[in-house]
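J.: I'd like to ask some things about the structure below.
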Amino acid sequence: MQILKLNNVKKNEGVIYYRRHYTAEVEIELPNCVEKIPIDFTIETGPLGDKQLDIDFDPNRINYPFVPIKRALKEYILNIDQLGVLPL
């Protein structure tokens, strides 16, 4: 299982400046196919600069264990956020 990329990333405007909410479509390569899944995620920056990520997607849309996908998504999203790829 591998996260290929995020497509159609859109930032939803909010009133709290330290919380950024996004919607996107993620491409995940599974052992027998490539799946596209819509996701919502929120990145919240703590008072010391640490980032907490909350991801929401429908696990019934894919035939693969939930925990490894969520862990890989968190790592992927935090990496592209650190690189500055996500819209501000």
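The values are calculated or read from the model by the stated rules, or taken from the named source; none is laboratory data. The structure displayed is predicted, hence computed values, not measured ones. Note that each Cβ is placed from the backbone with ideal geometry, even for glycine, and that neighbours are counted across all protein chains shown. Accessible surface is based on the protein model in full, side chains and every heavy atom, while ligands, DNA and RNA are left aside. Shrake-Rupley method; radii C 1.70, N 1.55, O 1.52, S 1.80 Å.
J.: MET1 to ARG61: FRET efficiency via 1/(1 + (r/R0)^6), r the Cβ-Cβ distance, R0 22 Å, to the nearest 0.05?
T.: With R0 = 22 Å, the Cβ-Cβ based efficiency is 0.95.
J.: For TYR64, TYR22, TYR17, what's the largest-to-smallest order of accessible area, 1.4 Å probe?
T.: Accessible-area ranking of TYR64, TYR22, TYR17, largest first: TYR17, TYR64, TYR22.
J.: What percent does the relative contact order of the chain come to when contacts are Cα pairs within less than 8 Å and at least six residues apart?
T.: Over the chain, the number comes to 23 percent.
J.: Along the Cα→Cβ direction, 7 angstrom out, place labels at GLU13 and VAL85. What is the inter-label distance in nm?
T.: So the label points at GLU13 and VAL85 sit 2.7 nm apart.
J.: Now a separate question. Helix 66-82 versus the longest principal axis of the chain: what is the Cα-based angle in degrees, 0 to 90, to the nearest 10?
T.: Between the helix axis and the principal axis of the chain, the angle is about 40 degrees.
J.: Students sometimes get this wrong: rank GLU29, GLU35 by accessible area, probe 1.4 Å, all chains present, largest first.
T.: Result, largest first: GLU29, GLU35.
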